[in-house]
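Notes for the one structure printed next.
The values are calculated or read from the model by the stated rules, or taken from the named source; none is laboratory data. A quick note: this is a predicted structure, and the numbers were derived from the prediction, not measured. Please note: Cβ atoms are built from the backbone with ideal geometry, for glycine as well, and neighbour counts cover all protein chains shown. Ligands, DNA and RNA are stripped out before the accessible areas are found, and what is left, the full protein with its side chains, is counted by its heavy atoms. Shrake-Rupley method; radii C 1.70, N 1.55, O 1.52, S 1.80 Å.
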Amino acid sequence: MEANGVQKKEYVLVQAPMVLGMQEDLEQRYDVIRLWDDSQASLLQDAAPYVRALVSFHKLPLHLLESLPNLAIISNHGVGIDHIDLDYCCRHGIRVTNTPDVLNDDVADLAILFMLAVRRHLCEADQFVRSGQWVQQMFPLARKASGLRLGIFGLGRIGMAIAKRAESFDNIVAYHGRSKKPGVSYPFYSKLSELAANSDVLVVACPLTEDTKHIVGKEVLDALGPEGTLINIARGPVVDESALVEALVEKRLGGAGLDVFENEPHVPKELLSMNNVVLSPHAGSATWETRHAMAKLVLDNLHAFFAGKPLLTPIL
Ligand code: NAP
């Protein structure tokens, strides 16, 4: 749009800051309204009728969406879209994009890191050396992390990256999902509890949906058993957190590596004192390189939208 020879920018509402450099790129190209900046509240109120694009990071309150009558695209900074009301978007003709693939390596690396750290008691070993206990006693024996049966719940983009890494540890991979994947030779279990019963390590890598909420509950945890390790790099609510805490307290589950939780950033206090649990603050994709690639994809989707070109990674 041109007004008095000056290029008029589009308003873009942004829910959280992007990685250094990319936020500046966004702000050069668009009139950015920073949702996290209270001093921009009145700007948002005035500009709301003209906002056509929103960059989302986490849950979007309905009243915010309803205050944006001309919203046409949500470019999500992340692959999981469980926090976006897709029905609302469908009803209002709002396009939605996400950032698949560019984060596969980081999230898969973290899953493997959890497998190694939980089984080999890495965090405990580090504390053992730092606190000077090594001069007084031997460190207790741990459990092997290679040559295991590794079950993957959700053999998608991230799940496949985990499987590839797990194979290099001589782990035997199997998986569960809604259906057997064509062209995949790993054994498929149609029941999640059967996969768990046949796994030493169970990695949760599926999306959070109405079907998957709390699907990893008592039955699955008991099938994994007192020597088993649960790893969740997907979404907290896929695991029934109370059932997980109970299983760990009662030693019906061997250990856990958790990047995601039901009520982030709050973590059940019982987990904080367990040395067979390794915790991480939803940091699966949190490296400079990957956050840069994710932000670039967010921007590229916006640029494509405003240029009237096909979206790069559309959900809707
Ligand atoms: P994807 O490529 O869509 O893979 C998801 C897999 O889960 C698919 O193989 C799918 O297989 C399976 N699945 C989907 N719905 C299912 C259901 N109802 N029951 C059983 N299996 C189901 O997704 P992705 O890119 O790998 O990402 C997976 C998830 O990881 C994301 O949704 C996100 O929540 C999470 N994530 C977390 C982080 C982090 O920071 N921790 C970072 C990125 C992503 P079928 O279709 O055959 O069932």
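Some notes on this structure:
- Of G177, G183, G228, G236, all but one fail to be within 22 Å of L148 (Cα to Cα) and within 13 Å of the ligand (Cβ to nearest atom); the exception is G177.
- Restricting the range 102-131 to residues that are within 13 Å of the ligand (Cβ to nearest atom) and of a type in the set (D, E, K, R) leaves a set whose member that is least open to solvent (accessible area, probe 1.4 Å) is D106.
- A307 falls short on exactly one of the conditions (1) in contact (Cβ under 8 Å) with a residue 12 or more places away in the chain; (2) of a type in the set (G, A, S); (3) farther than 30 Å from P226 by Cα, and that condition is (1).
- Residue pairs meeting the criteria (Cβ under 8 Å; at least 6 apart or on separate chains; first in contact (Cβ under 8 Å) with a residue 60 or more places away in the chain and of a type in the set (S, T, Y), in the range 190-210; second part of a loop (DSSP other than H, G, I, E, B) and within 10 Å of the ligand (Cβ to nearest atom)): T209/D82
- Scanning the range 67-101 for residues that are within 11 Å of the ligand (Cβ to nearest atom) and in contact with a Leu (Cβ under 6 Å, 6 or more places away or on another chain) turns up D82, T99.
- Restricting the search to helices (runs of 4 or more DSSP H) fully inside the range 186-299 and requiring at least 2 residues that are surrounded by 15 or more Cβ atoms within 10 Å (Cβ to Cβ) and among the hydrophobic types (A, V, I, L, M, F, W, C) gives 192-197, 218-224, 241-249.
- Candidate set: the range 52-66, residues that are at pLDDT 95 or above and crowded, with 20+ Cβ neighbours inside 10 Å; chosen: the one nearest to the ligand (Cβ to nearest atom): S56
- Inspection of the range 186-206 identifies at least one residue that is within 14 Å of I112 (Cα to Cα) and near the ligand (Cβ under 9 Å from one of its atoms).
- Number of the exception - A243 against (1) touching a Leu at 6+ places or on another chain (Cβ under 8 Å); (2) within 12 Å of the ligand (Cβ to nearest atom): (2)
- Checking each residue in the range 28-67 for being closer than 24 Å to D87 by Cβ, within 27 Å of the chain's Cα centre (by Cα) and either among the acidic types (D, E) or assigned to a loop (DSSP other than H, G, I, E, B) (or both) picks out L35, R52, F57, H58, K59, L60, P61, E66.
- Among the numbered conditions (1) surrounded by 13 or more Cβ atoms within 10 Å (Cβ to Cβ); (2) not in a helix (DSSP H, G or I), the only one that D25 does not meet is (2).
- Filtered residues of the range 190-204 (kept if of a type outside the set (D, E, K, R) and closer than 14 Å to I231 by Cβ): L195, A196, S199, V201, L202, V203, V204
- Check on D37, buried (at least 18 other Cβ atoms within 10 Å of the Cβ) and at negative phi: no
- Condition check for N104: polar (S, T, N, Q) and touching a helix residue (DSSP H, G or I) at 6+ places or on another chain (Cβ under 6 Å): yes
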